[in-house]
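So the structure is just underneath, and the comments pick up after that.
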């Protein structure tokens, strides 16, 4: 019992320490300005952890800090999707505008739908309140998972290169969103895992996500620019492929 | 019971995608020498032979329908494999272009942007051709028309190229 409590405490404190370290590293390397949303997230989470520790004896403030902090964390996670899209597609302004517009529409529709659903079915009884809040959390994670899936498929199909830091941000958030969503579903809908095991797995998943961010942000790596471009046959390949697309299209 | 059927596969799909992008089998490109060492030499003339309509008609007339379908599918698989290698080359060249773009020489930066634009254009064309090859492999005897959305892809490509050219010109002037 004591061992499991120690592990739970370690899993709670460790990511906060690593996130604080990542924030300092970002400040030192002047990355906070390039990735302000991710920086805000890594700075906010340790702060939230300290506040929760400070107010752990007071049920009321603890409840509001916990759930309010979770809502802010989810909003920052959503912001991280937009920030990653913006950074990765910075060199392709048209594509960036289209993707950001598309994602904005999706997010707006989902938020409006969730609000309408919530207003029509909101119940203030305490045992129902927690269930509804967890339902909202699950829907928010589902939205994040869908956005990340769409974006990674787009990146893959267009063959766009992931830069180091956006890749780290995306991998950590996407990994955690996927695992957390699966755990919420197994706990809320299917009731397959007990509460304490659910909390342990959730904490473990978050630690892995923070580990991914640490892997990408803490070591220093410098990319030297290429001084000479290679000769390529891209033009010839483009010409040949366009010829066949034209040919097959005209045949219709 | 519907939501677990949707949610759990979605979560698994995203985990797979994340694993795929993090543990990519593509070689890491940090210098020009990495491109030279890892590039694939893909012969355009051979690809033309594999997808050429006249060649296909000749085979259709010379072989029985069953043998033609089997032979055509092998040709299409080979063509698909060649396009996969071209796709990998394109991804490596995009990386080279991005590394070159981080330099200080504006002429080099402009050329790098053109390289990236050409690679992106090729990438979109590859998507079209691969879709076509996929449908042809399923129905080797059919002459399958490309769907009209191809013109929208062309407009997209044209817009991308125009925007890139504009950003490239402003970069040189500055």
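Computed from the coordinates by the stated procedures, all read-outs in this text should not be read as laboratory data. Predicted model, so just to flag it, every value in this text is computed and none were measured. Reconstructed Cβ throughout: ideal geometry from the backbone, glycine too, with neighbour counts over all protein chains shown.
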(request) Give me a single rounded figure for B:124-136: the average over its residues of other chain Cβ atoms within 10 Å of their Cβ. (result) 3
(message) Residue by residue through A:51-63, how many Cβ atoms from other chains fall within 10 Å of the Cβ on average?
(response) 0
(message) Compute the angle between helix A:164-188 and the longest alpha-carbon principal axis of chain A, please, reported from 0 to 90 degrees and rounded to the nearest 10.
(response) 50
(request) For each of A:67, A:148, A:101, count neighbouring Cβ atoms within 10 Å of the residue's Cβ, then give the residues from fewest to most. (result) A:101, A:67, A:148
(request) May I ask for the distance between the Cα centers of the range A:5-19 and the range A:99-116, given as a whole number of Å? (result) 34
(message) Which of B:33, B:87, A:19 has the fewest other C-beta atoms within 10 Å, and how do the rest follow up to the most?
(response) B:33, B:87, A:19
(request) Quantify how strongly other chains surround peptide B:44-50 by giving the mean number of their Cβ atoms within 10 Å of each of its Cβ atoms. (result) 2
(message) What is the angle, in °, between the Cα long axis of helix A:2-28 and the longest principal axis of the Cα atoms in chain A? Nearest 10 is fine, range 0 to 90.
(response) 40
(request) Mind sorting A:232, B:90, A:9, A:84 by how few other Cβ atoms lie within 10 Å of their own Cβ, fewest first? (result) A:9, A:232, B:90, A:84
(request) Using a/c under 1.5 as the rounded threshold, could you call the range A:1-127 rounded, prolate or oblate? The axes a ≥ b ≥ c are square roots of the C-alpha gyration tensor eigenvalues, and prolate needs a/b larger than b/c, oblate otherwise. (result) oblate
(request) List the relative contact order of the range A:1-111 as a percent without decimals, with contacts defined as Cα pairs under 8 Å and 6+ residues apart. (result) 20
